[in-house]
Amino acid sequence: MARTNDDVAAMLEEYADLLAITGGPDFKIRVYQKAARSIGAHVTDIAGYDTTELRQIPNVGESIARKVAGYLRSGTVPQLEELRGRIPAGVRALTRIPALGPKRAMALHQRLGVDSPESLEAAIHAGALHGLPGFGEKTEENLLHGIALLRDAGERVHLGVAMPLAEDIVTALRAVEGCHRCGYAGSLRRMKDTIGDIDIVATSNRPKVLMSAFVALSQVTEVILHGDTKTSVRTGQGLQVDLRVVPPDAWGAAMQYFTGAKAHNIRTREIAVHRKLKLSEYGLFDAVTDELIVSKTEEEVYQRLGLPWIPPTLREDIGEIEAALAGELPDLVTEEDVRGDLHTHTELTDGHASLEEMVAAAAERGYAYYGVTDHGPKLYMQQMTLDKALAQRERVRELDGTSGLRLLHGVELNIDPDGDVDWPPDVLAGFDVCVASVHSHFDLPQDRTTRRLVRAAEHPCVNIIGHPSARLIGRRPPIDADWDEVFQACARSGTALEINAFPDRLDLAAELIRRARRYGVKFAVDSDSHAVGHLANLRYGIGTAQRGWLTADDVINTWPLDRLTAFLRKKQAAGVSRP
DNA sequence: GCCGTTTTCGGCCCGACTGTTTTCAGTCG
């Protein structure tokens with residue numbers, strides 16, 4: 001079930017879209033978009049807020065507060081209903097066609113009665129657009145292409161798809177003659193869990209050479225636009241890749257410009273304007289004389305705006321500007337802080353490598369400790385038994401300490417629909433670490449799912465709730481729980497929440513991490529590796545932890561071993577009663 | 001419609017590319 005805030009944000013976005021289609025003033029459209037973002041990013045649920053409370057939220061003033069309060073009460077907003085009455089829903093859908101915006105969507109609707117992508121396609125084939133001002137032959141062609149693209153929707157891809165592709169392209173471009181620097185920016189650098197397109201920034205004094213090399217890459221199947229400083233292509237899997245080339249001295253300004261979410265960039269450019277400056281991808285300039293002030297590094301750009309450097313993973317305009325101004329940016333956890341992995345598998349259950357191979361790979365990564373957590377017996381297809389687990393424990397103890405790596409023998413338990421787990425407490429007490437996860441029954445009603453997770457968290461032997469929402473990005477929605485209640489149970493019982501680093505999970509998601517953190521919950525960033533190559537996925541989990549504003553102190557597997565083991569044992573020692 | 005170390009009124013981010021234009025509007029990121 002969508003949270004109230006997301007529901008209200010969607011309502012305000014629709015209002016902004018309909019304003020744009022009806023030709024409303026730009027500043028008004030922007031304000032509704034800004035209010036939608038602020039409410040979407042607001043950490044507490046606004047259900048039950050009155051207008052006074054609503055107005056405390058940035059970009060929510062008298063008028064929007066009144067609309068939202070009315071919406072919370074009655075589920076409707078008269079002004080929105082009025083616009084909906086004038087603009088069929090399909091006209092808003094038209095603006096999702098690439099290269100067709102609100103202005104021309106409205107023109108098509110008014111002049112031809114077009115009210116959906118399907119009716120636009122029919123109108124083009126019928127020749128109805130001939131003679132319509134602003135719609136030439138080439139435009140018709142582009143619109144048909146856009147409709148086709150929309151139809152077999154190039155879905156957003158997860159980090160595990162986008163990152164390797166971006167790294168390949170960056171590597172190829174760095175080898176091109178005249179390329180000074182090259183890197184990826186955009187949502188990929190912000191480590192967003194899904195990526196709509198890839199932004200690449202390069203510096204060179206000979207941009208044309210780079211552009212030619214770019215469009216000639218083997219991954220490229222279509223050139224969308226091809227200019228001297230900006231070129232966009234589409235890859236075989238339908239992903240758009242943009243390359244921007246700027247002069248070598250503009251590297252910092254360009255990376256700043258192309259990394260931030262749009263909202264973050266608007267904020268930084270507004271700050272520039274207030275200081276009589278102008279910020280673009282070429283640098284920070286004096287607004288009056290147009291004289292260049294800084295451009296070489298991101299640090300310089302932020303510094304001249306009166307801000308500390310803001311880590312890419314925070315650049316969403318969800319409070320990082322305010323935190324930066326107040327000197328309260330979190331000291332984010334990094335991959336270097338991580339001392340071990342606490343959720344991994346071997347071929348004893350569904351892993352693809354032996355215990356020895358996994359341990360060697362973990363040692364290679366320089367970990368201080370490493371948890372082996374094969375599945376418990378309740379996941380029947382894995383055929384786990386207590387004897388097998390105990391035999392594995394003996395082997396783990398033999399390997400412990402070799403290559404300087406302390407091994408923890410653990411288990412990934414299955415949380416059943418009632419919140420119970422595989423083995424009785426006396427068996428579980430023998431494990432060094434217990435992860436417990438949901439693997440089935442994903443669509444229970446909210447109250448049952450909440451109780452299920454709360455009971456698992458309160459179990460005296462469960463240390464970590466694995467992939468807590470059980471989502472699979474693009475394939476399975478998160479389970480529906482009252483997360484605030486779950487987070488409180490975790491904080492109360494000393495149970496950590498996992499940030500599962502598998503790129504199609506990234507679970508918990510950043511928004512829920514930010515909410516959980518407010519209750520004082522601790523986290524474990526784990527790879528859930530089923531093969532040696534998966535250990536490196538941890539970086540995606542760290543990116544997600546950063547997007548959740550976590551510091552190393554929030555993440556138990558950055559702690560020294562003695563602090564970690566104290567945390568893992570504390571529950572049982574405290575004798576938390578079995579629910 | 002919102003906001004304020006420039007302001008309670010008067011502002012509101014910036015630049016590239018395309019297509020249809022003869023200098024610019026629309027769209028995008």
Env charge @ A:Ser212, Cβ radius under 13 Å, K,R +1 / D,E -1, value 0
Just to check I understand the Karplus step: with θ = phi - 60° and J = 6.51 cos²θ - 1.76 cosθ + 1.60, what whole-Hz values come out for the range A:28-41, glycine and proline as x?
6, 4, 4, 4, 5, 5, 5, 5, 4, 5, 4, 6, x, 8
Nearest-ten-degree value, helix A:355-364 long axis tilted from longest Cα axis of chain A:
60
Tell me the angle of helix A:137-151 to the major Cα principal axis of chain A, expressed in degrees between 0 and 90 and rounded to the nearest ten.
20
Rg [Å, one decimal], Dmax [Å, integer] - chain A, C-alpha atoms:
26.4, 81
Calculate how steeply helix A:262-274 sits against the longest principal axis of the alpha-carbon atoms of chain A, using the helix alpha-carbon long axis, and give the answer as 0 to 90 degrees to the nearest 10.
60
So what is the accessible area of chain A per residue, in Å², with the probe set to 1.4 Å?
43
Where trypsin sites (Lys or Arg not before Pro) fall in DSSP loop in the range A:465-530, at most 11 other Cβ within 10 Å
A:Arg475
Tell me the net charge near A:Ser232. Cut-off is 11 Å between Cβ atoms, A:Ser232 excluded, with +1 for each Lys or Arg and -1 for each Asp or Glu.
-1
If I take every Cα pair under 8 Å that is 6 or more residues apart in chain A, average their sequence separation and divide by the length, what percent do I get for the relative contact order?
9
Compute the FRET efficiency between A:His441 and A:Thr565 as 1/(1 + (r/R0)^6), taking r as their Cβ-Cβ distance and R0 = 41 Å, and round to the nearest 0.05.
0.80
Separation of alpha-carbon centers, the range A:95-151 and the range A:436-474, rounded to whole Å
47
Summed side-chain charge close to A:Arg73 - residues other than A:Arg73 whose Cβ falls under 12 Å, Lys, Arg +1, Asp, Glu -1
+1
Sort A:406-418, A:67-79 for me by packing, meaning the mean count of neighbouring Cβ atoms within 10 Å per residue, highest on top.
A:406-418, A:67-79
In order through the range A:496-507: 3J(HN,Hα) via Karplus (6.51 cos²θ - 1.76 cosθ + 1.60), integer Hz, x for Gly, Pro:
7, 9, 7, 10, 6, 8, 4, x, 8, 10, 6, 9
Distance-filtered residues of the range A:170-185 - backbone nitrogen under 12 Å, label point 7 angstrom along A:Arg206 Cα→Cβ
A:176-180
In chain A the DSSP beta bridges are antiparallel at a rate, in percent to nearest 5, of 45
With the full set of protein chains in place, find how many percent of the accessible area of chain A is carbon and sulfur; take the probe as 1.4 Å.
50
Could you tell me which of the pairs A:Lys103/A:Lys278; A:Lys192/A:Lys278; A:Lys103/A:Lys276 are separated by over 30 angstrom between their Cα atoms in the structure shown?
A:Lys103/A:Lys276
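The values are calculated or read from the model by the stated rules, or taken from the named source; none is laboratory data. Quick caveat, the model's predicted, so the values are computed rather than measured. Ideal geometry is used to build each Cβ from the backbone, glycine not excepted, and the neighbour counts take in all protein chains shown. These accessible areas exclude ligands, DNA and RNA; they are computed on the full protein's heavy atoms, side chains included. Shrake-Rupley method; radii C 1.70, N 1.55, O 1.52, S 1.80 Å.
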